[in-house]
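Each reported figure results from applying straightforward, stated rules to the coordinates on display, with no laboratory input. Everything quoted here is computed from the prediction, not taken from an experiment. A quick note on method: Cβ atoms are made from the backbone with ideal geometry, for glycine too, and the neighbour counts reach across all protein chains shown.
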Amino acid sequence: MKLVDNKATLSFSNGSPSVDLPVYAGNIGPDVIDIRKLYAQTGMFTYDPGFLSTASCQSAITYIDGDKGELLYRGYPIEQLATQCDYLDTCYLLLNGELPNESQRGDFHKLVTNHTMVNEQMQFFLRGFRRDAHPMAVLTGLVGGLSAFYHDSTDINNPKHREIAAIRLIAKMPTLVAMAYKYGIGQPYMYPKNDLSYSGNFLRMMFGTPCEEYQVNPVLARALDRIFILHADHEQNASTSTVRLAGSSGANPFACIAAGIACLWGPSHGGANEEALNMLKEIGTPERIPEFIEGVKDRKYKLMGFGHRVYKNYDPRAKVMQQSAHEVLEAVGDPNDPLLQVARELERVALNDEYFIERKLFPNVDFYSGITLSAMGFPTTMFTVLFALARTVGWIAQWQEMMEDPSQKIGRPRQLYTGPTQRDYVPVERRG
Ligand code: ACO
């Protein structure tokens with residue numbers, strides 16, 4: 001970050017002396033006002049619940065321009081990566097800053113592939129869960145549990161440990177996710193098959209059985225890989241900030257990613273794709289859309305898969321996702337699927353309605369991902385789990401960046417206290 005010439009001056013109407021605050025510029029995006037010394041200089045905190053105007057760190061990984069609807073991973077537009085790279089190339093890019101050359105690519109694919117198996121004891125750990133547990137609850141437990149199995153990658157001050165923890169998480173996540181699914185439906189676990197692609201292997205572990213050979217459908221593998229790329233990172237969103245905050249205390253990477261998964265589960269974040277599909281099913285037919293829109297305007301419910309804290313334009317991931325939805329439905333479903341008809345019509349109506357235009361509410365990535373995943377055979381309870389699988393690389397890349405940042409400190413927000421001021425203890429018999 002570069003110090004810029006102009007300073008910000010904060011003045012007070014009560015005559016207290018004003019203070020000058022340094023301003024820094026990034027490479028693109030808004031400048032930031034450095035308030036780190038504000039409390040020492042004025043005895044005041046800033047107040048920004050929800051971080052609406054607060055940059056919590058400096059980062060060189062992902063850039064979003066919400067007004068333009070632009071998303072860049074290490075400078076590359078998401079549309080280019082989603083159509084020209086595979087997910088593991090994207091992982092390499094996010095972790096290392098550059099796309100791999102041919103030999104780096106081969107080595108990285110091999111490295112990840114060699115770590116896909118999980119410790120056999122994980123099966124017994126999994127057995128402690130009820131069969132009908134939500135797979136996000138199971139995944140949070142399993143990933144947290146990894147730190148009990150891989151002691152040789154939990155020393156956060158050792159760069160080799162950090163690197164191998166990152167590879168293990170990326171490699172083992174599909175295996176764990178598929179295990180959680182198979183456990184829920186009572187089928188045997190499928191071990192990873194390392195001659196398949198990352199997404200092909202995952203599809204086989206999810207939908208294959210030991211009874212017969214599983215043929216990977218290349219259209220589905222490509223679509224899934226693209227979904228993983230679209231979800232791989234998204235700057236300082238709630239779950240990534242959770243990972244960073246957990247990591248700022250020195251917690252090990254497996255524990256930090258488990259915290260990220262827990263945060264992602266919420267319906268305002270990763271849980272929205274499940275909610276979006278349920279909403280489309282509930283609407284059922286295009287004729288019911290006007291009535292549904294009225295309910296949104298009366299604030300009875302939200303239009304799930306619409307709106308975003310940062311994008312005040314079309315989410316660029318939603319465009320690629322819409323394309324994938326068509327491809328998948330052509331390949332394995334019904335291109336005239338009534339849910340797709342409802343989604344398209346709902347999008348058309350909302351984009352032309354003053355209520356949504358005024359509030360800059362556009363479809364986000366979750367609007368079409370549910371339809372696509374459902375056509376591929378994933379049950380709705382797995383949607384957020386797939387999001388967690390894909391986002392793991394973003395979380396770990398952000399965690400690594402934080403660990404290497406010399407200005408990193410334990411995250412410790414302050415507060416505006418609104419509770420009782422000091423008072424004396426009253427014995428129970430004298431309390432009214
Ligand atoms: N449907 C209807 N109205 C909405 C929606 C929506 N989906 N989203 C926002 N609004 C309205 C709000 O009611 C508010 O209106 P008001 O000014 O009249 O009170 C206005 O738009 C601004 O909304 P905020 O809640 O202030 O926006 P915020 O940035 O805090 O919320 C969020 C962003 C949480 C994503 C919100 O848009 C939402 O809940 N969307 C639905 C859930 C969803 O799709 N989440 C996925 C996000 S993407 C992801 O995690 C991958």
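What's the ranking of 59-70, 102-113 by average number of surrounding C-beta atoms within 10 Å, highest first?
Top to bottom by mean Cβ count within 10 Å: 59-70, 102-113.
Karplus couplings for the range 176-193 from phi (6.51 cos²θ - 1.76 cosθ + 1.60, θ = phi - 60°), rounded to Hz, Gly and Pro as x?
5, 4, 5, 4, 4, 5, 4, 4, x, 9, x, 9, x, 5, 9, 6, x, 10
How much length is gained on full extension from Ala331 to Ser56, taking 0.36 nm per residue of separation minus their Cα-Cα distance?
Numbers: separation 275, 0.36 × 275 = 99.00 nm, distance 4.33 nm.
My answer for the length gained is 94.7 nm.
Would you list, by chain and number, the lysines whose Cα falls below 23 Å from the Cα of Lys68, excluding same-chain residues fewer than 8 positions away?
Of all the lysines, those that pass the test against Lys68 - Cα under 23 Å, at least 8 places apart if same chain - are Lys312, Lys319, Lys360.
Report the far tail of the P(r) of the chain, meaning the percent of Cα-Cα pairs longer than 40 Å.
Details: 22481 of 93096 pairs.
More than 40 Å apart: 24 percent of the Cα pairs in the chain.
What whole-number distance in Å separates the alpha-carbon centres of the range 85-126 and the range 261-313?
The distance from the Cα centre of the range 85-126 to that of the range 261-313 comes to 34 Å.
Once you keep just the Cα pairs under 8 angstrom separated by 6 or more residues, what percentage relative contact order results for the chain?
About 19 percent, as a whole number.
What do the square roots of 5 times the Cα gyration tensor eigenvalues come to for the range 195-327, in whole Å, largest first, as semi-axes of the equivalent ellipsoid?
29, 26, 14
I need to check one value: relative contact order of the range 1-85, counting alpha carbon pairs closer than 8 Å and at least 6 residues apart, in percent.
16
Rounded to the nearest 500 deg cm²/dmol, what is the calculated helix-only ellipticity per residue at 222 nm for the chain, with -39500 (n - 2.57) per DSSP H run of length n ≥ 4?
Result for the chain: -15000 deg cm²/dmol, rounded to the nearest 500.
Stretch Arg131-Lys68 to full length: gain in nm at 0.36 nm per residue minus the Cα-Cα span?
18.2 nm
Give the lysines whose C-alpha is closer than 16 Å to that of Lys110, dropping any in the same chain fewer than 8 places away, or say none.
Cross-link targets: Lys172, Lys193.
Go through 386-396, 170-180, 241-251, 278-288 and give me the packing order, highest mean Cβ count within 10 Å leading. It would help to have the intermediate numbers written out before the result.
On the way: 386-396: 26.4, 170-180: 24.4, 241-251: 19.7, 278-288: 15.1.
Result, highest mean first: 386-396, 170-180, 241-251, 278-288.
Along Cα→Cβ, 7 Å out, is where each label goes; now give me the distance between the ones at Asn313 and Arg423 in nm to one decimal.
5.3
Can you compute the modelled spin-label distance between Asn194 and Arg412, with each label point 7 Å from Cα toward Cβ, in nm?
4.6
Rounded to the nearest 0.05, what FRET efficiency do Asn119 and Glu163 give with R0 = 22 Å and r taken as the Cβ-Cβ distance? Could you check?
Numbers: r = 19 Å, r/R0 = 0.88.
Calculated value: 0.70.
What ranking of Thr9, Thr240, Thr154 emerges when the number of other C-beta atoms within 10 Å of each C-beta is taken as an exposure proxy, fewest first? Provide the component values of the computation, followed by the final result.
Details: Thr9 9, Thr240 26, Thr154 19.
Lowest count first: Thr9, Thr154, Thr240.
Order these by the 10 Å Cβ neighbour count, fewest first: Cys211, Cys91.
Cys211, Cys91
Jot down the per residue volume, in cubic angstrom and as a whole number, of the convex hull over the alpha-carbon atoms of the range 121-262.
122
Gain in length, Arg299 to Lys7, computed as 0.36 nm per residue apart minus the alpha-carbon separation, to one decimal in nm?
Computed gain between Arg299 and Lys7 is 100.9 nm.
I need Phe356, Phe367, Phe51 ordered by Cβ neighbour count within 10 Å, fewest first.
Details: Phe356 19, Phe367 29, Phe51 13.
Least crowded to most crowded, the residues run Phe51, Phe356, Phe367.
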